[in-house]
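What follows is a set of notes on a single structure, which appears directly below.
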Amino acid sequence: MNTNITDIFFDLDHTLWDFDKNSEMAFDRIFKEKYQEIVTQDFIRAYIPINQECWRLYQNDQITHQELRYNRLKLSFDALKYVISEESIFEIANDYIEFLTDNNYLFDGAIEVLEYLKPKYKLHIITNGFANVQDKKINNAALGSYFSTITNSELAGVKKPNSIIFDYAINLAKTSKENSIMIGDDFEADVTGALNAGLDAIFFNEKKLDVSGDYKQINHLLELKKYL
C-alpha cells in the first residue's frame, strides 16, 4: 500500500460507468423504434469488439472522432450483413449519443468505493471520451460531487496513453505524480499510459484478462480497499 497517495484518478467508461450495459440499452431503444428486424443482442455481439478496435485506433490518432462514430456502426452492420444507407447510419449515430446518457448504470460497488475514498483522497477523472457526452454521463449518474477535477482528451488536446494528458490532469489537480495513482480498465491507455507518465496505476481487470508482469490489479471495484 502506497501511503504517499493523495490523489486518485479514475477512468470513466468501463471503469465506473457501465458502458456496455448503457450502450446496449441505447441501441435497443433505437432498434425497437425504427429497425424492429434487428435483434439487439446480435448487433451488440458484433459491435463490442468493433467499437473497442475503433477506440484503439482513435486513441492512437489513426482515425478521427467522426470516423469512429461512423465506422463502428458501419462495420457492425456489415458483420451482420445488414444493408443500411449512409444517411441512416449517421442518424443512428446521433440518436445513440443522445440516448446513451439516459441510461446510467454504474459498475457494482462504484458508489460504495467512491464514498469510501472521498474522505481520504482527492478524486479526479481522466477520460478519452467527448466532453459534452462525458459531462452528461457524470451529471446524470450523480457522480459529479465525488470529483475535484475532470480531464478529457478534448481539453488536453491528446488522448491516453499520451503522457501529456496525464501531465495536464496533474497540473489541473494541483498535485504531483509521486502522490497520484490511476485506475482504469484499458491496459494500454490507463495502466501503461499512467506508468509511462510517472504515475502509479491499478488495472481494473473486470474481464479477468491475462496480463504478464507484476501489475496491481482488481476484478471488482471494492477490491480497491486492499490498495487504498
Backbone N under 14 Å from the Lys120 label point (7 Å along Cα→Cβ), restricted to the stretch 173-217: 181
For the stretch 64-185, go through all pairs of different Cα atoms, get the mean of 1/r, take its inverse, and jot down that Kirkwood value in Å. 16.6
On a 0 to 90 degree scale, rounded to 10, what angle separates helix 131-140 from the longest Cα axis of the chain? 80
Comparing Ser76, Ser85, Ser163 in a Gaussian network model of the chain (Cα, 10 Å), the one with the largest mean-square fluctuation is Ser85
Lysines near Lys226 by alpha-carbon distance under 16 Å, same-chain residues fewer than 8 away left out - which ones? Lys118, Lys120, Lys216
Residue-averaged [θ]222 nm for the chain, counting only DSSP H segments that reach four residues, each worth -39500 (n - 2.57): -14000 deg cm²/dmol
Calculate, axis by axis, the spread of Cα positions in the stretch 123-170 along the three principal axes, and write the results as whole Å, longest axis first. 29, 20, 13
What translational diffusion coefficient, in µm²/s and rounded to a whole number, does the Stokes-Einstein relation yield for the stretch 1-124 at 10 °C and a viscosity of 1.306 mPa s, taking the hydrodynamic radius as the Kirkwood radius over Cα pairs? 97
Out of Gln134, Gln217, Gln66, a Gaussian network model of the chain with alpha-carbon springs under 10 Å gives the largest mean-square fluctuation to Gln66
Are there trypsin sites (Lys or Arg not before Pro) in the stretch 42-99 that DSSP puts in a loop and that have at most 10 other Cβ atoms within 10 Å, and which ones? Lys81
Have a look at Asp18, Asp186, Asp210 and tell me which one the Gaussian network model of the chain (Cα, springs below 10 Å) gives the largest fluctuation. Asp210
Ignoring any ligand, DNA or RNA, what whole percent of the accessible area of the stretch 1-112 comes from carbon and sulfur when the probe is 1.4 angstrom? 49
How high is the FRET efficiency between Arg45 and Ala142 when r is their beta carbon distance and R₀ equals 30 Å, given to the nearest 0.05? 0.45
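Out of the total accessible area of the stretch 141-228 (probe 1.4 Å, heavy atoms of protein only), what percent is carbon and sulfur? Write down the numbers at each step before the final one.
Numbers: 1930 of 4040 Å².
Carbon and sulfur together cover 48 percent of it.
Relative to the compact-globule scaling 2.2 N^0.38 Å, provide the ratio for the alpha-carbon radius of gyration of the stretch 22-93. Intermediate results must be reported in sequence, preceding the final value.
Values: Rg = 11.9 Å, N = 72, 2.2 N^0.38 = 11.2 Å.
Computed over Cα atoms of the stretch 22-93, the ratio equals 1.06.
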With every protein chain present, what is the per residue accessible area of the stretch 86-228 (1.4 Å probe, Å²)? 46
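Nothing charged except the Cβ atoms of Lys and Arg (+1) and of Asp and Glu (-1): what's the magnitude of the dipole of the chain about its Cα centre? Round to the nearest 20 debye.
That gives the chain a dipole magnitude of about 520 debye.
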Using θ = phi - 60° and Karplus 6.51 cos²θ - 1.76 cosθ + 1.60, couplings along the stretch 178-184 (whole Hz; Gly, Pro as x): 5, 9, 10, 9, 10, 10, x
How far is helix 86-100 tilted off the main Cα axis of the chain, in degrees rounded to 10, range 0 to 90? 40
What share of all Cα pairs of the stretch 15-58, in percent, falls into each consecutive 10 Å distance bin? 27, 49, 22, 2
For the residue pair Glu67 and Glu112, what label-to-label distance in nm results when each label sits 7 Å from Cα along the Cα-to-beta-carbon direction? 4.3
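The values are calculated or read from the model by the stated rules, or taken from the named source; none is laboratory data. All figures in this text were calculated on a predicted structure; none of them were measured in a lab. We place every Cβ from the backbone using ideal geometry, glycine too, and count neighbours over all the protein chains shown. What goes into the accessible areas is simple: the full protein's heavy atoms, side chains included, and nothing from ligands, DNA or RNA. Shrake-Rupley method; radii C 1.70, N 1.55, O 1.52, S 1.80 Å.
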